[in-house]
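Colleague: Below you'll find the structure I mean.
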Amino acid sequence: MTYHYLTSPTLARVPGLLDFVSARTGQPSPGTSHRLTSYFVDNNGDDGFLRHTNVVARAQDGLPVRLVREADYLTASVRIPIFSAAFVSALGAELAGDLEFHRCLVRCQDEEYDDYSVARVKTVLPLIDEARSRQRAPAGGGTPILTEPFFREEYADEFLIARDARFRTMVCSPRLVEMIRSHRLRVRFTATN
């Protein structure tokens, strides 16, 4: 079984393409990043705070608007997936069991685009086979960093997109890859295992 990582088709080599910023100041904020990561990546808490704030992602300086607008999936510095309106329209209903979408404003070169959504990955499983994966210890200690993950196959039919329970790595199934390709969405994939 081959799982896949999502990557942006036009921005595959731009890690941390977008930073989440305070809707009020427009600047990165540790509090904003922590609250978003806690909810969207770690699946802690409820979405009550989203009723009182806007999720705003800001593109890195110098990133051309064309590259941002051509992609149906964007990467962010805090591992929260950002999807285009075309992606949500095409697959949102089919992904409702795995993803919870929330509106997101994307700022790029003094332009604002309100047709994006961030997603909380609801399906969390022990996907990574730690014994077979390569890892390295982080300099400051803490959770090991995966350098070459190996995924368990027994969960392949249980999700379209999911996060690993320990490492919070997000992967999609071959079935989702085919769905995205059949809709001609602009998403690139990196194969694993």
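The values are calculated or read from the model by the stated rules, or taken from the named source; none is laboratory data. Note that the structure is a prediction, hence the values are computed from the model and not measured. Note that each Cβ is placed from the backbone with ideal geometry, even for glycine, and that neighbours are counted across all protein chains shown. Keep in mind that these areas ignore ligands, DNA and RNA; they rest on the heavy atoms of the full protein, side chains included. Shrake-Rupley method; radii C 1.70, N 1.55, O 1.52, S 1.80 Å.
Colleague: Considering Cα pairs under 8 angstrom that are at least six residues apart, work out the relative contact order of the chain and quote it in whole percent.
Modeller: Across the chain, relative contact order equals 28 percent.
Colleague: In Å, what Kirkwood hydrodynamic radius results for segment 139-193 from the alpha-carbon pair distances?
Modeller: Values: mean 1/r = 0.0768 Å⁻¹.
After inverting the mean inverse Cα-Cα distance, the result is 13.0 Å.
Colleague: Right, here's the next one. So, with +1 on the Cβ of K and R and -1 on the Cβ of D and E, and no other charges, what is the size of the charge dipole of the chain about its Cα centre, to the nearest 20 debye?
Modeller: So the dipole magnitude of the chain works out to roughly 380 debye.
Colleague: Report the percentage of all Cα-Cα pairs in segment 44-131 whose separation exceeds 20 Å, rounded to a whole percent. Walk me through the numbers before you get to the answer.
Modeller: Values: 1537 of 3828 pairs.
The proportion of pairs with Cα distances above 20 Å equals 40 percent.
Colleague: Now for a different question. What accessible area per residue comes out for the chain, rounded to a whole number of Å², with a 1.4 Å probe? Before the final figure, lay out the partial values.
Modeller: Details: 9720 Å² over 193 residues.
Accessible area per residue: 50 Å².
Colleague: When only the heavy atoms of the protein chains count and the probe is 1.4 Å, how do V65, V177 rank by accessible area, highest first? Present the calculation step by step, with values, prior to reporting the outcome.
Modeller: Details: V65 35, V177 5 Å².
The residues order as V65, V177, largest area first.
Colleague: Compute, for segment 85-159, the length of the dipole vector about the Cα centre, with Cβ point charges of +1 (Lys, Arg) and -1 (Asp, Glu) only. Units Debye, rounded to 20. Intermediate values should be presented prior to the final figure.
Modeller: Numbers: 8 positive and 15 negative charges, 83 e Å.
For segment 85-159, the charge dipole is close to 400 debye.
Colleague: Counting each DSSP H run of 4 or more residues in the chain as -39500 (n - 2.57), what helix-only mean residue ellipticity at 222 nm follows after dividing by all residues, to the nearest 500 deg cm²/dmol? All intermediate terms of the calculation are to be shown ahead of the outcome.
Modeller: Working: 4 runs with 29 residues, N = 193.
Theoretical 222 nm ellipticity from helices: -4000 deg cm²/dmol.
Colleague: Ordering H183, H52 by accessible area with a probe of 1.4 Å, largest first, what comes out? Kindly include the intermediate steps, with their values, before the conclusion.
Modeller: Details: H183 85, H52 160 Å².
Result, largest first: H52, H183.
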